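*Asks:* Provided herewith is a single structure, encoded as structure tokens, for subsequent inquiry.
The values are calculated or read from the model by the stated rules, or taken from the named source; none is laboratory data. Given the structure is predicted, the values throughout are model-derived calculations rather than measurements. When we count neighbours, we look across all protein chains shown, and the Cβ atoms used for this are built from the backbone with ideal geometry, even at glycine.
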Amino acid sequence: MRAPIERPSLAWRGFVIAGIGSLEVLSFSDRAWEWWEDNVTDTVPRSTVRAMLAGTVALHLTESLVARRWAHNGGVAHPRAWTRTTFVYGFPELRLLRREIAAVRS
């Protein structure tokens, strides 16, 4: 019987969710942005935060498309799940997917 599918560490998952969530809130909430400027820093323009969010989404989308292709070509179970989790958590999922493909092929 195969071992359960690995997932990125809880710390990584928390970091990604908190980081991307913070970028989203700061990008779209005027109230949160005002708080940020008053209490944290006003040296980073909001346009930079929005660009960081857009870049992060673009990178994660690209990674998820790579995962989709690898999962389909690698014959692993649940390629859609690999695609979704890679979109959310990023490159650690690709590393785990490569291991999964190697296990399926052996």
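*Asks:* Name every residue in region 60-80 that is within 23 Å of Ile17 (Cβ to Cβ), surrounded by fewer than 17 Cβ atoms within 10 Å (Cβ to Cβ) and either over 13 Å from the mean Cα position of the chain (by Cα) or in contact (Cβ under 8 Å) with a residue 24 or more places away in the chain (or both), in order of residue number.
*Replies:* Leu61, Val66, His78, Arg80
*Asks:* A further question on this structure: Hey, does region 48-66 have a residue that's touching a helix residue (DSSP H, G or I) at 6+ places or on another chain (Cβ under 7 Å), under 30 Å from Arg105 (Cα atoms) and of a type in the set (Gly, Ala, Ser)? Steps first, please.
*Replies:* Pass one, region 48-66, residues touching a helix residue (DSSP H, G or I) at 6+ places or on another chain (Cβ under 7 Å): 49-50, 52-53, 56, 60-61, 63-64, 66.
Remaining after also requiring under 30 Å from Arg105 (Cα atoms): 60-61, 63-64, 66.
Checking the rest, the ones that are also of a type in the set (Gly, Ala, Ser) come to 64.
Yes, region 48-66 contains at least one residue that is touching a helix residue (DSSP H, G or I) at 6+ places or on another chain (Cβ under 7 Å), under 30 Å from Arg105 (Cα atoms) and of a type in the set (Gly, Ala, Ser).
*Asks:* Could I ask something else about it? Out of all the residues in region 42-57, is one or more over 17 Å from the mean Cα position of the chain (by Cα), farther than 17 Å from Glu6 by Cα, part of a helix (DSSP H, G or I) and of a type in the set (S, T, N, Q)?
*Replies:* Looking through region 42-57, at least one residue is over 17 Å from the mean Cα position of the chain (by Cα), farther than 17 Å from Glu6 by Cα, part of a helix (DSSP H, G or I) and of a type in the set (S, T, N, Q).
*Asks:* Residues Arg50, Arg31: which one is surrounded by 13 or more Cβ atoms within 10 Å (Cβ to Cβ) and either more than 16 Å from Leu97 (Cα to Cα) or touching a residue at least 12 places away in the same chain (Cβ under 8 Å) (or both)? Give the steps one after another, and end with the answer.
*Replies:* Working: Arg31 fails: surrounded by 13 or more Cβ atoms within 10 Å (Cβ to Cβ).
The conditions single out Arg50.
*Asks:* Since Trp12 meets every condition but one in (1) at pLDDT 95 or above; (2) of a type outside the set (D, E, K, R); (3) surrounded by 12 or more Cβ atoms within 10 Å (Cβ to Cβ), which condition does it not meet?
*Replies:* (1)
*Asks:* While we're looking at this one, here's another question. Does Leu97 satisfy being surrounded by 15 or more Cβ atoms within 10 Å (Cβ to Cβ), in a helix (DSSP H, G or I) and not acidic (Asp, Glu)? Before you say what the answer is, go through the steps one by one.
*Replies:* Working: surrounded by 15 or more Cβ atoms within 10 Å (Cβ to Cβ): yes; in a helix (DSSP H, G or I): yes; not acidic (Asp, Glu): yes.
Yes.
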